[in-house]
1. Pairs please, first residue from region 42-59 and closer than 14 Å to residue 109 by Cβ, second anywhere and acidic (Asp, Glu), Cβ atoms under 6 Å, 6+ apart in sequence or on different chains.
2. Could you list all residues from region 60-76 that are over 15 Å from residue 113 (Cα atoms) and either basic (Lys, Arg) or in contact with a helix residue (DSSP H, G or I) (Cβ under 7 Å, 6 or more places away or on another chain) (or both)?
3. Take region 61-101 and flag every residue that is farther than 16 Å from residue 13 by Cβ and either in contact with a strand residue (DSSP E or B) (Cβ under 7 Å, 6 or more places away or on another chain) or of a type in the set (Phe, Trp, Tyr) (or both).
4. If residue 120 passes every condition in (1) surrounded by 15 or more Cβ atoms within 10 Å (Cβ to Cβ); (2) without any contact (Cβ under 8 Å) to a residue 60 or more places away in the chain but one, which one does it miss?
5. Which ones in region 57-100 are farther than 14 Å from residue 25 by Cα, of a type in the set (Gly, Ala, Ser) and part of a helix (DSSP H, G or I)?
6. Name the single residue, out of those in region 74-117 being at pLDDT 95 or above and hydroxyl-bearing (Ser, Thr, Tyr), that is farthest from residue 52 (Cα to Cα).
7. Considering only region 3-34, how many residues are surrounded by 12 or more Cβ atoms within 10 Å (Cβ to Cβ), within 15 Å of residue 88 (Cα to Cα) and not small (Gly, Ala, Ser)?
Amino acid sequence: MEQESKTISANFPTTKEFSKKYPQYGPFAEAKGNFLFKTIMTPTNFIRATVCTEMGLPAVTGVANSCYWAVKNQDEVEWRGYVKQFIGAVVCAFMEANDYEKTGIKKSVPHHAFTKGEVYRLKATGGEPWQS
């Protein structure tokens, strides 16, 4: 059997780039929330978010469980509304850095710790994020 390698290309915003777009979350992303920022900014979570997007679900669906457990497995940051809003902002920055745009549609997130999230779509660039 012949094997073929494939790669995926993705842009990963830094906390400084994120802070420019979302200054209200910048200090949190740089300090106490940095573990959560790093949890989201992984190749695996990019794939999860884009798959959820292709299925018409909010992109945050793809990172909901890993974020929930990242917060639950530490003692410094508690799970609350601000943290969920921060997660949504990080996902937005991540998606937009990779040629996705908001649709203006909010849908339920199928995870017990979340309510609604933004649905994204690939911008009209004529391409997909998947590279051969």
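The values are calculated or read from the model by the stated rules, or taken from the named source; none is laboratory data. Fair warning: this is a prediction, and the values are worked out from it, not measured in the lab. Cβ atoms come from the backbone with ideal geometry, glycine included; neighbour counts cover every protein chain shown.
1. Sorted first by the residue in region 42-59, then by its partner, the pairs are 58/118.
2. Within region 60-76, 74 is the sole residue that qualifies.
3. 61, 68, 69, 79, 82
4. Status for residue 120: all satisfied but (2).
5. 62, 64, 66, 70, listed by residue number.
6. Checked region 74-117; the qualifying residue farthest from residue 52 (Cα to Cα) is 82.
7. Residues meeting the conditions: 8.
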